[in-house]
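First up is the structure itself, then whatever we jot down about it.
The values are calculated or read from the model by the stated rules, or taken from the named source; none is laboratory data. Note that the structure is a prediction, hence the values are computed from the model and not measured. Cβ sites come from the backbone with ideal geometry, for glycine too, and all protein chains shown count toward neighbours.
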Amino acid sequence: MTRMVKQEQANSMSPFEPGNTAAYAAWRANKLDKYPVGAEGLIVEIADPQQLSDKELSALQAVINKTNVAIYRCTGKAMTKGDVRALGRQMGLVRLDSNLCADEDSITSLQVMDTGRKGGYIPYTNKRLSWHTDGYYNPLDRQVRAIVMHCANPAASGGENMLLDHEILYLHLRDRNPDYISSLMDPACMTIPPNTEDGEEIRGETVGPVFSLDANANLHMRYSARTRNIAWHDDATTHAAVEEITAFLNSDSPFLFRYRLNANEGVISNNVLHNRTAFEEDAAHKRLLYRARYFDRIAPTNVRD
């Protein structure tokens, strides 16, 4: 059986396939059953990121299997970038995205930069970051499936994150209008123009869907709330779907998790939607996060066996 046929069969059974109403209804009921309310329901304490205990690993996987995101709190030593990599590896994350602004080890140090290439991008300022998934501009064969964001040092104030499970947004949109899903799965739904520096193209145009299914029929999302440098498929249903996304992201839904990371805490997720408020620093509180982007999706079961 060819790989393409296997993919088509997996998609046909997926609850995320727009025409599969029976599977969707069953998935929806299970998804909402005992879904956590508030960010505290996402927190898992770990002692040693180099060697998670079976209990810690199972707890992280249980939360992520439900919500696609967990917040870990390391109670041991201050974590290094090597610890971030080790934590990811135990969750099935190996293939790092060595993106444009990543450090030499392919893990990015997110901090305020006033000069250089990084200074031209919002993540390296103290300004707010709007809703997005990481790497939404990546080519479709290099999609970011999972991320780890570790807080080495928080700002003096601000820098709060909001997190939203993309499967919950899918559920909301499909309940509102199933046609929204079909439009957002259109291969030409969202276009990101090329990125240029000093007149030189350093990344080409990326055209693709908002929602898609990976090789195992898991739901993936690429999205940015930016109003500039985003071109949407020009039809009424797509525009209505984008407006519905914006309305939900600006709502007071209990599914929107708010959390300000403390030192030695982090987020590990299947690249869920997230944003960041503006922040202020002082001499003792310079915000520093380590961000690892992966082409892998978090393993739903123990990968150490």
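Do we find that residue 169 is among the aliphatic types (A, V, I, L, M) and assigned to a strand (DSSP E or B) in this structure?
In short, no.
Against the definition (within 24 Å of residue 175 (Cα to Cα), touching a residue at least 60 places away in the same chain (Cβ under 8 Å), of a type in the set (A, V, I, L, M) and surrounded by fewer than 18 Cβ atoms within 10 Å (Cβ to Cβ)), how does residue 217 come out, yes or no?
Considered against the rule, which asks whether it is within 24 Å of residue 175 (Cα to Cα), touching a residue at least 60 places away in the same chain (Cβ under 8 Å), of a type in the set (A, V, I, L, M) and surrounded by fewer than 18 Cβ atoms within 10 Å (Cβ to Cβ), residue 217 comes out as yes.
Go through 143, 90 for me and flag whichever is of a type outside the set (A, V, I, L, M), more than 24 Å from residue 281 (Cα to Cα) and touching a His at 6+ places or on another chain (Cβ under 9 Å).
One residue alone meets the criteria, 143.
Return the pairs, sorted by first residue and then second, in which the second residue is among the β-branched types (Val, Ile, Thr) and assigned to a loop (DSSP other than H, G, I, E, B), the first residue lies in the stretch 223-252 and is free of Cβ contacts under 8 Å to residues at least 24 places away in the same chain, the beta carbons are less than 9 Å apart, and the residues are 6+ apart or on different chains.
Once the first residue is free of Cβ contacts under 8 Å to residues at least 24 places away in the same chain and sits in the stretch 223-252, its partners that are among the β-branched types (Val, Ile, Thr) and assigned to a loop (DSSP other than H, G, I, E, B) give 242/210.
Scanning the stretch 13-28 for residues that are surrounded by 16 or more Cβ atoms within 10 Å (Cβ to Cβ) and hydroxyl-bearing (Ser, Thr, Tyr), which turns out nearest to the chain's Cα centre (by Cα)?
So, considering only residues that are surrounded by 16 or more Cβ atoms within 10 Å (Cβ to Cβ) and hydroxyl-bearing (Ser, Thr, Tyr), the one nearest to the chain's Cα centre (by Cα) is 14.
Yes/no matrix, rows are residues, columns are (1) surrounded by 15 or more Cβ atoms within 10 Å (Cβ to Cβ); (2) at pLDDT below 95:
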residue: 165; (1), (2): yes, no
residue: 171; (1), (2): yes, no
residue: 175; (1), (2): no, no
residue: 189; (1), (2): yes, no
residue: 198; (1), (2): no, yes
residue: 204; (1), (2): no, yes
residue: 231; (1), (2): no, yes
residue: 238; (1), (2): yes, no
residue: 259; (1), (2): yes, no
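Starting from the stretch 90-114, keep only residues that are under 15 Å from residue 288 (Cβ atoms), then list their pairs with residues that are of a type in the set (Gly, Ala, Ser) and crowded, with 16+ Cβ neighbours inside 10 Å whose Cβ atoms are within a distance under 7 Å, requiring at least 6 positions of separation or different chains.
As it stands, the answer is 103/109; 107/292; 108/102, since those pairs meet every condition given.
Please go through the stretch 105-120 and give me each residue that is at pLDDT below 95, assigned to a loop (DSSP other than H, G, I, E, B) and surrounded by 13 or more Cβ atoms within 10 Å (Cβ to Cβ), ordered by number.
105, 106, 111, 112, 113
How many residues, within the stretch 54-70, are more than 11 Å from residue 302 (Cα to Cα) and either polar (S, T, N, Q) or buried (at least 23 other Cβ atoms within 10 Å of the Cβ) (or both)?
Summing the residues that are more than 11 Å from residue 302 (Cα to Cα) and either polar (S, T, N, Q) or buried (at least 23 other Cβ atoms within 10 Å of the Cβ) (or both) in the stretch 54-70 gives 6.
Residue under question is residue 231, and the condition is that it be under 18 Å from residue 138 (Cα atoms) and of a type in the set (Gly, Ala, Ser); does it hold?
Criteria met by residue 231.
How many residues does the stretch 122-136 contain that are assigned to a helix (DSSP H, G or I) and either aliphatic (A, V, I, L, M) or within 13 Å of residue 192 (Cβ to Cβ) (or both)?
We begin by selecting, within the stretch 122-136, every residue assigned to a helix (DSSP H, G or I); these are 122-124.
Adding the requirement that they be either aliphatic (A, V, I, L, M) or within 13 Å of residue 192 (Cβ to Cβ) (or both) leaves 122.
So the count comes out to 1.
Go through the stretch 224-259 and give me each residue that's touching a strand residue (DSSP E or B) at 6+ places or on another chain (Cβ under 7 Å) and of a type in the set (Phe, Trp, Tyr).
Passing the criteria: 232, 255, 257, 259.
Residues that are at pLDDT 95 or above and either within 22 Å of residue 220 (Cβ to Cβ) or touching a Ser or Thr at 6+ places or on another chain (Cβ under 8 Å) (or both): list the helices (runs of 4 or more DSSP H) wholly contained in the stretch 1-95 that include at least 2 such residues.
Working: elements: 3-13, 21-32, 54-67, 81-90.
Qualifying helices (runs of 4 or more DSSP H): 21-32, 54-67, 81-90.
Can you name the residue in the stretch 137-159 that is touching a Leu at 6+ places or on another chain (Cβ under 7 Å) and not in a loop (DSSP other than H, G, I, E, B) and is also surrounded by the fewest Cβ atoms within 10 Å (Cβ to Cβ) among such residues?
Top of the filtered list is 153.
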